[in-house]
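Here the structure comes first, spelled out in structure tokens, and everything after it is commentary.
Quick note: the coordinates plus some simple rules give every number you see, no bench work behind them. It should be emphasised that the depicted structure is a prediction, and the values quoted were computed from it without experimental measurement. Quick reminder, even Gly has a Cβ in these numbers, built from the backbone with ideal geometry, and neighbours come from all protein chains shown.
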Amino acid sequence: MRAVRLAQIGKWLEKEDVNIPGIDVSDVLIRVAAAGICHSDAHYRAGISKIDRLPLTLGHEVAGRVEKVGSGVTYLSLGDRVCVHYLVHCGSCEFCVCGLEQFCRSVQMIGKHRDGGYAEFIKVPGANAFLLPDEIPFEVGAIMMCSSATALHALNKARFKAGESIAIFGFGGLGFSALQLARAFDCGDVYAVEINPAKLALAASMGAVAIDARSADPVGQIKEATDGKRVDVALELIGSAKTMHQAVLCLGSLGRAALVGLTAESMSIHPYTEFINKEVEIIGVSDHLATELPVLIELARSGKLRFPQDALRVVDLDAGQINAALDAVQHSIDHVRTVIVPLK
Ligand SMILES: [Zn+2]
Ligand SMILES: [Zn+2]
């Protein structure tokens, strides 16, 4: 089969002909219909995030049709449309038995620790394949298993509930999903903090209060817009110490800041005035859980979570096109997501 693989850190991905993976009794073989190109993939290629072995087929955002079913997989059939949960876990360690598989003692991320979806076929445990309803295109099914799933996990970790106001720092793929998911949970006012004019316009067109962080301090703007009340929940999706601090400062009493963006920078907090006094919480968010995915899939099926067609770009399973898309992801600030759709 065709696969586009990372053979050397810092180098372009290369096309390779490899064997179609054999499956174990608990696995399924999926014919890939769509594989999202994610920011993390650009990080693996550049060596910013460490990977264990080379060559490796990247791609953790995958949807397709079941091509082969292991004898131990009873809930999937040949030809089923599925999307893939990217964390392969043991199912028996102390974290797995509590449904917290992102901390599994032997967790493997698809497209990082094992071969991913930049290929014609992928092997995954049956437990990682979720039925994808006909209403959801494969391209959407693929990308929602990363950014939208993490946005949902962030809202869950922040214990977001109906009627609460929310500030979303960063209006890319995650922010875009977070707004729609917050809406699906009957949120109060939504404030989208951005510096990119196109993203600010998009947020406003979706009914959020656009907070232009270039014009003035976003915390002051949110304070003013809420008559001093501030917000119940803030999501930091950018990965900067500055916006993380702002996410904490824009919280009202008992507010929760969920930090999703990755950074190596340190953040300083004034313990009494910014934190203890208001009993605010700062919550770390990492990946998402298998148990959250049925809710996500249902929201996408019912149309509450959508991706505008112009926010998706399609390329073939072609090394040149994929490398160009990874370059764009690495440098670009637009909100267009590229999805690999292998031509027959
Ligand atoms: Zn991703
Ligand atoms: Zn485990």
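Structure notes:
- Length-normalised contact order of the range 10-161 in % [C-alpha pairs under 8 Å, at least 6 apart]: 31 percent
- Expressed in units of 2.2 N^0.38 Å, where N is the residue count, the Cα radius of gyration of the range 110-253 is 1.18.
- For the range 56-186, fraction of C-alpha pairs farther apart than 17 Å, in %: 65 percent
- For the pair A324 and S92, a Förster radius of 51 Å applied to the C-beta separation gives a FRET efficiency near 0.75, rounded to the nearest 0.05.
- Theoretical gain in end-to-end length, R53 to L289 [0.36 nm per residue, Cα-Cα removed]: 82.4 nm
- Length-normalised contact order of the range 192-321 in % [C-alpha pairs under 8 Å, at least 6 apart]: 15 percent
- Helical content alone sets the calculated 222 nm signal of the chain at -7000 deg cm²/dmol, taking -39,500 (n - 2.57) per DSSP H segment of four or more residues and averaging over every residue.
- Using C-alpha pairs under 8 Å with a sequence gap of at least 6, the mean separation divided by the residue count of the chain gives a relative contact order of 19 percent.
- Across L76, L317, L254, mean-square fluctuation computed from a Gaussian network of the chain (C-alpha pairs under 10 Å connected) peaks at L254.
- Listed residues S266, S106, S40, most fluctuating in the chain (Gaussian network, C-alpha, under 10 Å): S266
- Eigen-decomposition of the gyration tensor built on the alpha-carbon atoms of the chain gives equivalent ellipsoid semi-axes of 35, 21, 19 angstrom, largest listed first.
- Fully extending the segment from K161 to D227 would add 21.6 nm, taking 0.36 nm per residue of separation and subtracting the current Cα-Cα distance.
- Label-to-label distance, F103 versus R313, with points set 7 angstrom from Cα along the beta-carbon direction: 3.9 nm.
- Euclidean distance of C-alpha centroids, the range 271-325 and the range 20-55, integer Å: 19 Å
- Among Y86, Y272, Y118, residue whose mean-square fluctuation peaks in a GNM of the chain (springs only between Cα atoms under 10 Å): Y272
- Gyration tensor (alpha-carbon) shape descriptor, the range 200-331, a/c threshold 1.5: prolate
- Relative frequency of Cα-Cα separations exceeding 16 Å in the range 144-214, percent: 41 percent
- Look at the Cα gyration tensor of the range 12-94: its axes a ≥ b ≥ c give a/c of at least 1.5 with a/b over b/c, and that counts as prolate.
- Cβ-based net charge around E279, under 15 Å, with every Lys or Arg adding one and every Asp or Glu removing one: +1
- When you count the other C-beta atoms within 10 angstrom of each residue and take the mean per peptide, 15-27, 139-151, 203-215 line up highest first as 139-151, 203-215, 15-27.
- Calculation over all alpha carbon pairs of the range 265-344 in 10 angstrom steps from 0 returns a P(r) of 13, 22, 29, 23, 10, 3, 0 percent.
- Summarising the strand pairing of the chain, around 55 percent of its internal DSSP beta bridges are antiparallel.
- Cα-based Rg and Dmax for the range 122-182, where Dmax is the largest Cα-Cα distance (Å): 13.7, 42
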